[in-house]
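Here is the structure we will look at, set down as structure tokens.
The values are calculated or read from the model by the stated rules, or taken from the named source; none is laboratory data. Being a predicted model, the structure only gives us computed values, none of them experimental. Every residue, glycine as well, gets a Cβ built from its backbone with ideal geometry; the counts of neighbours run over all protein chains shown. Keep in mind that these areas ignore ligands, DNA and RNA; they rest on the heavy atoms of the full protein, side chains included. Shrake-Rupley method; radii C 1.70, N 1.55, O 1.52, S 1.80 Å.
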Amino acid sequence: MMNSTTSKVLIVILILFLLTTVINIAYHSLANQYDTETAIAYTTSNKVTFNGVYIRDEEVLTFDGGGVVGYVIPDGGKVSKNSAVAYIYNDEESIEAKQDIEKLQSELDILTKIENPGTTEVAQPSYLTSLIQEKYLSIAYNKELGNMEKVATAKSELLVQLSTMQIVTDPESSFQSRIDELQSQIDTLESQMSDPISTIWVDRTAYFVSYIDGYEDTLSTSMMYDLSVEDIEKIEDETDDLDTTNVIGKLIDDYKWYMVGVIDNQAQIFNVGDVVNLSLESSSVDIKGEITEIKSTDNPNESIVYVICNDMTEEVVQHRVETVEMSVQNYEGIKVPKSALRFKDIEETDEDGVTSTTSYEGVYIKVGEQVKFKKIDVIYRADDYVISKVVASNEYLAIYDDIILESVG
């Protein structure tokens, strides 16, 4: 009788325990079902789009037309006075060998830097870890924005840091065998190359471009203010029937160049002296410039804008005219809905051991089943969202975090 009563009591207790466990699981599951939004990279600005014409002071370089041209300087690259911009070879094989050497040399330079004792002696794992995290965030951020040039640079730097970490944490690791192999391949290719039959020199400091478009004599800085709206609209990116048989390329006399175009007079948001960003259709990287003049036209709804720029890259010499998005000021960061903004008091201790409490603006994010507060650094506020600066720290909001949109109990 006693055993039967005890069994029934144990069964009731077990049932109650199971019910409590199920209710507890269900409660926490429902409690953590927050509405979230993924943090993304975002850019906003005051802007206008127009067809922009590149204005540069240029001179066409020619040669006798014999042989195959091998360029020394990339498009948009700077050349010094009395330096070579191209070599003329008898055959294509020598040029191909030269290009292969350049690729191998690039890899060799990276590995040599990693193997340099000075690199590993000063590199500490904790410091390398912070650099690796910073480059990873930079790659994710710039990929989201489409800045592929910055992505490529960050990837190269990340490769050096990861490889250095490998050597620091594993002293037996070495890239010396690969370095020896690369040097051997370079030596072999150099022995197979023939000497150039002639060299193309330049007599002054300038920027070099390996092709022409036919506008070199007409679209100069001294003539740009004579351009009418009709003249600007007639300019094409490609010119047919150009004879380039004896053309090496062209020299651009100054690092300063102009972007000229016809814009709508919308709300008069642009003024002479404004520093602007130019987003080019052909480039993932914005160009900074300054508006030097806004000239009225016969049409009261439009004007001709003149923007002076200092950045000379391969992208800005590829075209004569292209679609341009001009903005007065760009705000680049992480977009955060205003409904997600919260404040939290955080206790911190400084280097002197003094503890204080600071109220930080931030958001709550969901990490698995956990809820975590992350700070934000607001650089722009709109009616329904803010833009937070990208900060390479785990304490701050990062791209792809799941932002909780409602109050956290």
Note to self, the chain gives a 222 nm [θ] from helices alone (DSSP H runs n ≥ 4, -39500 (n - 2.57) apiece, / all residues, nearest 500) of -10500 deg cm²/dmol
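How large is the dipole of the chain about the Cα centre if only Lys and Arg carry +1 and Asp and Glu carry -1, each at its Cβ, rounded to the nearest 20 debye? Intermediate values should be presented prior to the final figure.
Values: 30 positive and 73 negative charges, 530 e Å.
Computed charge dipole of the chain: roughly 2540 debye.
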Computed for segment 290-409: size of charge dipole around the Cα centre, +1 on C-beta of each Lys and Arg, -1 on C-beta of each Asp and Glu, debye to nearest 20, value 420 debye
I13 and Q166 label points (each 7 Å along its Cα→Cβ direction) are spaced in nm at 6.0 nm
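With Cβ to Cβ distances under 9 Å as the rule, what net charge do the other residues near T358 carry (K, R +1; D, E -1)? Walk me through the intermediate numbers first.
On the way: positive: none; negative: D345, E347, E348.
Taking every Cβ under 9 Å from that of T358, the sum is -3.
What percentage of the solvent-accessible surface of the chain, computed with a 1.4 Å probe over protein heavy atoms, is contributed by carbon and sulfur atoms? Could the numbers behind the result be given before it?
On the way: 11590 of 23640 Å².
Result for the chain: 49 percent of the exposed heavy-atom area is carbon or sulfur.
So, counting K/R as plus one and D/E as minus one, what does the shell of residues with Cβ under 12 Å around K295 add up to?
Working: positive: none; negative: D226, E293, D298, E302.
Computed value for this residue: -4.
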Put T358, T129 in order of accessible area, largest first, probe 1.4 Å, and you get T129, T358
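Assuming R0 = 45 Å, what is the FRET efficiency of D35 and E351, from their Cβ-Cβ distance, to the nearest 0.05?
Values: r = 40 Å, r/R0 = 0.89.
In this case the efficiency is close to 0.65.
Note down the relative contact order for segment 174-263 as a percent, whole number, built from C-alpha pairs under 8 angstrom at least six residues apart. Intermediate results must be reported in sequence, preceding the final value.
On the way: 40 pairs, mean separation 38.6, N = 90.
Taking the mean separation of contacting Cα pairs over the length of segment 174-263, I get 43 percent.
In segment 41-83, which trypsin sites (Lys or Arg not before Pro) fall in coil by DSSP and have 15 or fewer other Cβ atoms within 10 Å?
Working: sites: K47, R56, K78, K81; in loops: R56, K81.
When the trypsin sites (Lys or Arg not before Pro) of segment 41-83 are filtered for loop state and at most 15 Cβ neighbours within 10 Å, K81 remain.
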Ranking Q176, L108, I252 by how far each Cα lies towards the positive end of the charge dipole of the chain (+1 on Lys and Arg Cβ, -1 on Asp and Glu Cβ), the top one is Q176
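Mean separation of Cα pairs under 8 Å and 6+ residues apart, divided by the residue count of segment 253-409: what relative contact order is that in percent?
On the way: 283 pairs, mean separation 29.3, N = 157.
Contact order relative to length: 19 percent.
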For D286, the net charge from surrounding residues (Cβ-Cβ under 10 Å; K, R +1; D, E -1) works out to -2
Full extension between V272 and S359 adds, at 0.36 nm per residue less the Cα distance, a length in nm of 27.2 nm
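Indicate the gyration tensor shape class of segment 131-245 (rounded, prolate or oblate), computed on the Cα atoms with a ≥ b ≥ c the square roots of the eigenvalues: a/c under 1.5 is rounded; otherwise a/b larger than b/c is prolate and the rest oblate.
Values: a/c = 3.74, a/b = 1.60, b/c = 2.33.
It is oblate, given that a/c is not under 1.5 and a/b is not larger than b/c.
Counting only heavy atoms of protein chains, what accessible area per residue, in Å², does the chain have with a probe of 1.4 Å?
On the way: 23640 Å² over 409 residues.
Result: 58 Å² per residue.
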Looking only at aspartates and glutamates whose Cα falls under 15 Å of K288's and that sit 8 or more positions away or on another chain, we get D274, D311, E315, E325, E332
Percent relative contact order for the chain, counting Cα pairs under 8 Å at least six residues apart, stands at 25 percent
With every protein chain kept in place and a 1.4 Å probe, the residues M148, M224 fall, from largest accessible area down, as M148, M224
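Mind running the shape call on segment 47-142? Use the C-alpha gyration tensor, a ≥ b ≥ c as the square roots of the eigenvalues: rounded below 1.5 for a/c, prolate if a/b tops b/c, oblate otherwise. If you can, show how the numbers build up before the last one.
Details: a/c = 2.94, a/b = 1.45, b/c = 2.03.
Because a/c hits 1.5 or more and a/b fails to exceed b/c, segment 47-142 counts as oblate.
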Each label sits 7 Å from Cα toward the beta-carbon; between E395 and N301 the label points are separated, in nm, by 5.4 nm
So, with points 7 Å from each Cα along the Cβ direction, the D254-V328 label distance in nm works out to 2.8 nm
Given the candidates I365, M326, I304, the one whose Cα lies deepest towards the positive end of the charge dipole of the chain, counting +1 at each Lys or Arg C-beta and -1 at each Asp or Glu C-beta, is I365
Among trypsin sites (Lys or Arg not before Pro) in segment 171-258, those in a DSSP loop whose Cβ has at most 12 other Cβ atoms within 10 Å are R204
